[in-house]
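> Sharing a structure below in structure tokens format, with a few things to ask.
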Amino acid sequence: MPDSPLISVIVVCRNPGERLRAALASVWSQQPVPPELIVVDGASTDGTREWLAANRDRLSTLIAEPDRGVYDAMNKGLAAARGDWILFLGADDLLAGDRVLTEAAHWLGKTSAGVAAGEAAYADGRLYALPVKPRVRARNFVHHQAAFYRRSLFAENGGFDASLAIMGDYDLNLRLWRNRVAFRPLPLRLATCGTGGLSDAGRWAGYAEEIRVRHRHFPAWKCWGWDLLSIARWLRKRIVRR
């Protein structure tokens, strides 16, 4: 591992089960050289802690201790990272191919953007990519499983708000957007994602926090239409899942 790697991959987890092994295998298989890999385990009790300890020599950094939630864990990973670019991969997500980070590095070397986002494909067929002109008040417009963040952004703009449980990445993205950080799309599928994760579970708590984060960054009179849409999306997901 070079002293200053180009890419750091951060994986945070708590009781992820067998899914974590596939996620990490997709990082270890990267060619020609795996990236810096940082795993933050929030004191798992399902055997994950022991399995990670047994594979400690395959991890650049392992942090295994209680935390205050996913965004506190992500901040711990950031503090340990040395890469120029940061990719947050979920414990139930996979990198899309064993050369995807090499392909991404080619594009990252050409961009002046602060955030470069590729495509995330969900197991149920949904595809998400950064729009050319995102509607930032509508909902989170960047899926972190398929987005590279310059590490320097966090020193300049702060990390994740650990008081948030579900929409800390939306809050970060809005903060960067309002600070005029450039977001650019990458022409790559970077990750395949499991369904039913923290922000995909369809619980009202996620939509309520989305509304609260929106109001942090925009006046209420600019939000009411999007707030109603958040409620409609929640009702639609409830109907679909039933």
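> Would you kindly state how much longer the chain becomes between ASN15 and ALA182 on full extension, computed as 0.36 nm times their sequence separation minus their alpha carbon distance, in nm to one decimal?
Taking 0.36 nm per residue and subtracting the Cα distance, the gain is 56.6 nm.
> Hey, another quick one. Taking +1 at the Cβ of each Lys and Arg and -1 at the Cβ of each Asp and Glu, which of CYS13, LEU62, ALA96 sits farthest along the dipole of region 7-197 towards its positive end, judged by Cα position relative to the Cα centre?
Of the candidates, ALA96 comes out farthest on the positive side.
> Continuing with this model, one more query. With θ set to phi - 60°, apply the Karplus curve 6.51 cos²θ - 1.76 cosθ + 1.60 along region 12-24 and write out the HN-Hα couplings as whole Hz, x wherever there is a Gly or Pro.
Result, rounded to whole Hz: 10, 7, 7, 6, x, x, 5, 4, 4, 5, 5, 4, 5.
> Counting only residues 5 or more places away or on other chains, whose amide H sits under 5 Å from the amide H of GLY97 once H atoms are built in the peptide plane?
none
> Can you give the angle from 0 to 90° between the axis of helix 168-178 and the longest principal axis of the chain, with both taken from C-alpha atoms, to the nearest 10?
For 168-178 against the chain, the angle is about 70 degrees.
> For the chain, calculate the relative contact order in percent as a whole number, restricting contacts to Cα pairs under 8 Å that are 6 or more residues apart.
With pairs under 8 Å counted, the relative contact order is 21 percent.
> Then there is this: Given H placed 1.01 Å from N in the peptide plane, which residues other than close sequence neighbours of ARG189 have an amide H under 5 Å from its amide H?
The list, which skips near neighbours in sequence, is GLU119.
> Give the cross-link partners of LYS110 among the lysines, using a straight C-alpha distance below 24 Å as the criterion and excluding same-chain residues fewer than 8 apart.
LYS133
> I'm spelling it out carefully: the read-out is volume of the Cα convex hull per residue in Å³, the candidates are (1) 133; (2) 123; (3) 165, and one was derived from this structure. Which label?
It is the value labelled (2).
> If you place +1 on the Cβ of every Lys and Arg and -1 on the Cβ of every Asp and Glu, how big does the dipole about the Cα centre of region 7-197 come out, in debye to the nearest 20?
780
> Under the rule of at least 5 residues apart or a separate chain, name every residue whose amide H is placed under 5 Å from the amide H of SER44.
The answer is ASN15, ARG49.
> Using a 10 Å cut-off around each Cβ, can you sort HIS106, HIS217, HIS143 from fewest to most neighbouring Cβ atoms?
The fewest-first ordering by Cβ neighbours comes to HIS106, HIS217, HIS143.
> Here's something else I'd like to know. With each label point set 7 Å from Cα along the Cα-Cβ vector, what nm distance links ALA123 and SER29?
1.6
> If I stretch the segment between ARG135 and ILE211 completely, what's the gain in nm (0.36 nm per residue apart, minus their alpha carbon distance), one decimal?
The span from ARG135 to ILE211 would gain 25.9 nm if fully extended.
> Distance from the Cα centre of region 86-130 to that of region 147-174, in angstrom?
A separation of 17 Å, based on Cα centres.
> Here's another thing I want to ask about it. Using a 7 Å offset from Cα along Cα-Cβ at ALA43, what residues in region 1-34 end up with backbone N under 19 Å from the label point?
12-17
> Tell me, in nm to one decimal, what length is gained between HIS106 and ALA79 on full extension, where the rule is 0.36 nm per residue of separation less the Cα-Cα distance?
Separation in residues times 0.36 nm, less the Cα-Cα distance, equals 7.2 nm.
> How large is ³J(HN,Hα), in whole Hz, for each residue of region 147-162 in order, when computed from phi with the Karplus curve 6.51 cos²θ - 1.76 cosθ + 1.60 and θ = phi - 60°, using x for Gly and Pro?
10, 9, 10, 4, 4, 4, 4, 6, 5, 7, 10, x, x, 7, 7, 6
> Is the shape of region 116-242 best called rounded, prolate or oblate, per the rule: a/c under 1.5 gives rounded, else a/b larger than b/c gives prolate, else oblate, with a ≥ b ≥ c the square roots of the Cα gyration tensor eigenvalues?
Oblate.
> If each DSSP helix of 4+ residues adds -39,500 (n - 2.57) and the sum is divided by the residues in the chain, what number results at 222 nm, nearest 500 deg cm²/dmol?
Calculated at 222 nm, the ellipticity per residue is -10500 deg cm²/dmol.
Coordinate-derived values only; no laboratory data. Model, not experiment: these values are computed from the prediction. All Cβ positions, even for glycine, are placed from backbone atoms using ideal geometry, and neighbour counts span all protein chains on display.
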